[in-house]
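For reference, the structure discussed in these notes is given below.
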Amino acid sequence: MNKKPLVVGNWKMELSYKGEVELAHALADSLKGYVPKSDVVICPSYVALPEIASFAKKAGKFEVGAQHVFWEEKGAFTGQISVNSIKPHVSWCIVGHSEARMMAGVTDDIVVGTVKLLKSHNIAPIVCIGETREEREGDRTVEKIRAQVDMLIQNLDRTSLVQTVIAYEPIWAIGSGVLPEPDDVAQVILLIRKQIADRYDQAFAERIRILYGGSVKPENDSQYVGGPNADGLLVGGASLHPQKFLDIIKSVDEAFA
Ligand code: PGA
């Protein structure tokens, strides 16, 4: 089964508009002369999407995604951004990032609804799941992951599920520099795949791309990808540095060489 690895850069709200446009150019420059085996996606803020998406099309080095989208398509939702607004610019969208779960009240139900909405607009969802520190310390990681994956399995049809990327991000590892043991990540990834295989079959489960995210840096990236591990990485802080992000892309490529 030929599954393409995936590296996603989540720029969050770290830069100005100008800073984001400059970073997109710098990333394209650092990718000159290198053809990634992985799909590479960057997720700037909403306002920079049109400019960066049109640049990305010309540069041909990476694709563009949104960091979040509102779960209703249209209506009286002051301050929200509709799928129709992002659609001309993105082919990907992060759904249920833990920061959006905390700040924008995104629940597992909303995640499912958003995935369906995105699928109807042909945008590939990257769904973030993961346990809090309390859940980990209370030995409830498996329970949490099972419940989150079950929501997807029960509510998405086969085609939507296979086109959904699942990003396992232990919430306590995001932006903290605290890393999970690679074996623990591999166990969670196995668990997710087994759950999908139990509903469908192993071959189907193998087709789904599962990423790891949380404090990924060039110094620690390779331990989480390849073999029974993740099919790629969701990178926050390090994706703001073109050289670091390039090094991470190369590590993922190597893991799948
Ligand atoms: P981080 O962020 O790499 O800065 O920990 C990852 C994420 O939030 O997806």
message: Going by what's in this entry, would GLY33 be described as modelled with pLDDT under 95 and farther than 14 Å from SER239 by Cβ?
response: yes
Qualifying residues in region 117-163 (those that are charged (D, E, K, R) and touching a helix residue (DSSP H, G or I) at 6+ places or on another chain (Cβ under 6 Å)) - the one farthest from the ligand (Cβ to nearest atom): LYS119
- prompt: Among the residues of region 213-239, which ones are more than 9 Å from the ligand (Cβ to nearest atom) and not in a loop (DSSP other than H, G, I, E, B)?
  reply: ASP221, SER222, GLN223, TYR224, VAL225, ALA230, GLY232
message: Looking for something assigned to a helix (DSSP H, G or I), of a type in the set (A, V, I, L, M, F, W, C) and exposed (fewer than 15 other Cβ atoms within 10 Å of the Cβ) - is there at least one such residue anywhere in region 72-92?
response: no
- prompt: Which of (1) at pLDDT 95 or above; (2) within 15 Å of the ligand (Cβ to nearest atom) does MET103 not meet, given it meets every other one?
  reply: (1)
query: Inside region 122-146, can you point out the residues that are touching a residue at least 12 places away in the same chain (Cβ under 8 Å), surrounded by fewer than 18 Cβ atoms within 10 Å (Cβ to Cβ) and more than 19 Å from the chain's Cα centre (by Cα)?
result: ARG133, VAL142
- prompt: Here are some conditions: (1) within 16 Å of the ligand (Cβ to nearest atom); (2) within 21 Å of TRP11 (Cα to Cα). LYS250 meets all but one. Which one does it not meet?
  reply: (1)
- request: Identify the single condition in (1) touching a Lys or Arg at 6+ places or on another chain (Cβ under 9 Å); (2) crowded, with 18+ Cβ neighbours inside 10 Å that VAL216 does not satisfy, given that it satisfies every other one.
  value: (1)
task: Please go through region 29-71 and pick out each residue that is assigned to a helix (DSSP H, G or I), farther than 22 Å from MET103 by Cβ, open to solvent by less than 50 Å² (accessible area, probe 1.4 Å) and not hydroxyl-bearing (Ser, Thr, Tyr).
output: ILE52, ALA53, PHE55, ALA56, ALA59
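The values are calculated or read from the model by the stated rules, or taken from the named source; none is laboratory data. Just so you know, these numbers come straight off a predicted model, no measurement behind them. Glycine gets a Cβ as well: all are built from the backbone with ideal geometry, and neighbour counts include every protein chain shown. Remember, those area values only see protein heavy atoms, side chains included, never the ligands or the DNA or RNA. Shrake-Rupley method; radii C 1.70, N 1.55, O 1.52, S 1.80 Å.
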